[in-house]
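> Encoded as structure tokens, here's the structure I'll be asking about.
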Amino acid sequence: MNRSLIVNKSDDTDDSVNTTLTDELHLGEGDLLIDVTYSSLNYKDAMALRGDKGVARTLPLVPGIDAVGTVVESDSERFNTGDEVVINGAGLGEFRHGGYATQQRIPSESTVALPAAFSARQAAAIGTAGFTAALSVDALREQGVEPGDGDILVTGATGGVGSVAIHLLKRLGYTAAASTGRVEEHGDYLRELGAAEVIDRAELSEQGKPLQKSRWAGVVDAVGSHTLVNALAQTRWGGTVTACGLAQGPDLQGTVLPFILRGVKLVGINSVDAPLELRERAWATLAEHLDTDVLEAMTSTVTLADVAAAGADLMAGRSHGRTVVDVRG
Ligand SMILES: NC(=O)c1ccc[n+]([C@@H]2O[C@H](COP(=O)([O-])OP(=O)(O)OC[C@H]3O[C@@H](n4cnc5c(N)ncnc54)[C@H](OP(=O)(O)O)[C@@H]3O)[C@@H](O)[C@H]2O)c1
């Protein structure tokens, strides 16, 4: 039976929305039609589920920025019927219908083959958050940050991006420090993922001095705002800071001093529009280095009927790790 979860306006007079599970299909555009098996719950999905206009650019909308499934129709030379594929971002669940449906149309230029290392469910568990963690870690490596250079700071550590980043860094031989607002509750979880040190995010979340004691050879930041500015101010000469998120805020009220006095590099990470070459490199990094037992341990599963409530928990800071959406469950 076909099913889609739809976010739509409750009425025309205000911005309130409702989510409805329907047996109709709402197909977007794209040269592949896939039977979706799994999607996932990311920060952006939680925003779309509550109708946030920054993500839900059009209504009605099928959310779900990730989709994993099997090709049933292909107008692309890269894929045949029966191929198992993964897509992250590319506007799904933002300005085109996404993965919270049993079938969806997707663009092949942003689609990769499901790596042999992962089941469909595991690829969804990785999802945009894990893919973004891999893009961030790949960016540090591309900028020449080596395991022996010094510690790597990961902010928003208990979240999806942070959790996968800590694990990948550990597996690649780096020493990671995890910054979290939940040291007591999740300190052991972060150490089990591979964090050598767990620090309270309060150390980074207030406005600080423009240049601070050098601590980090690299940073994976998912938080933005004062946290990112302080991370830049604590990065040592020639280090690289990647910025992918805005969990604290989108502002960046810093100075140029880390750049002009320490040669620090700030690299932006955009998973949505990443070209195919970067997508394939990030999925190859994940396939080579991610331990699927560790992935399973950080992952919980919800159905389409439960995903709106899970999204509210995520926005309220009550979740950690990754959440798979079983669209057929
Ligand atoms: N650029 C891209 O392509 C891209 C891709 C994926 C995600 N993102 C962005 O990256 C961010 C993280 O995504 P995610 O999927 O990992 O989300 P998530 O699972 O909700 O994790 C976010 C984490 O940020 C921390 N946090 C929350 N509120 C905070 C605050 N006010 N100040 C400081 N830290 C705070 C929390 O970690 P602790 O409790 O451990 O402190 C939380 O677990 C989001 O902003 C998301 O939109 C961007």
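> Looking at (1) within 16 Å of the ligand (Cβ to nearest atom); (2) in a helix (DSSP H, G or I); (3) open to solvent by 10 Å² or more (accessible area, probe 1.4 Å); (4) in contact (Cβ under 8 Å) with a residue 24 or more places away in the chain, which is the only condition Lys170 fails?
Result: Lys170 passes all but (1).
> State all residues of the stretch 188-232 that are touching a strand residue (DSSP E or B) at 6+ places or on another chain (Cβ under 7 Å), more than 9 Å from the ligand (Cβ to nearest atom) and farther than 14 Å from Val154 by Cβ; if no residue qualifies, say none.
Selection gives Ser214, Leu232.
> Please name all residue pairs, on different chains or six or more residues apart, with Cβ atoms under 7 Å, provided the first residue is in the stretch 221-234 and is among the charged types (D, E, K, R) and the second residue is more than 9 Å from the ligand (Cβ to nearest atom) and not in a helix (DSSP H, G or I).
Filtered contacts from the stretch 221-234: Asp221/Val241; Asp221/Thr242.
> Would you mind finding the one in Leu33, Leu5, Leu21 that is modelled with pLDDT of 95 or more, surrounded by 20 or more Cβ atoms within 10 Å (Cβ to Cβ) and not in a loop (DSSP other than H, G, I, E, B)? Can you show your working first?
Details: Leu33 fails: surrounded by 20 or more Cβ atoms within 10 Å (Cβ to Cβ); Leu21 fails: surrounded by 20 or more Cβ atoms within 10 Å (Cβ to Cβ).
When all the criteria are applied, what remains is Leu5.
> Quick check on the stretch 36-55: of everything there that is under 26 Å from Phe118 (Cα atoms) and away from the ligand (no atom under 11 Å from the Cβ), which residue is surrounded by the fewest Cβ atoms within 10 Å (Cβ to Cβ)? Don't jump to the end; show me each part of the working.
Within the stretch 36-55, the subset under 26 Å from Phe118 (Cα atoms) is 36-46.
The next check asks that each one be away from the ligand (no atom under 11 Å from the Cβ); those that pass are 36-39.
Details: Val36: 27, Thr37: 21, Tyr38: 26, Ser39: 34.
Per the criteria, the residue is Thr37.
The values are calculated or read from the model by the stated rules, or taken from the named source; none is laboratory data. Note that the structure is a prediction, hence the values are computed from the model and not measured. Cβ sites come from the backbone with ideal geometry, for glycine too, and all protein chains shown count toward neighbours. Note: accessible area is taken over every heavy atom of the protein model, side chains too, but ligands, DNA and RNA are not part of it. Shrake-Rupley method; radii C 1.70, N 1.55, O 1.52, S 1.80 Å.
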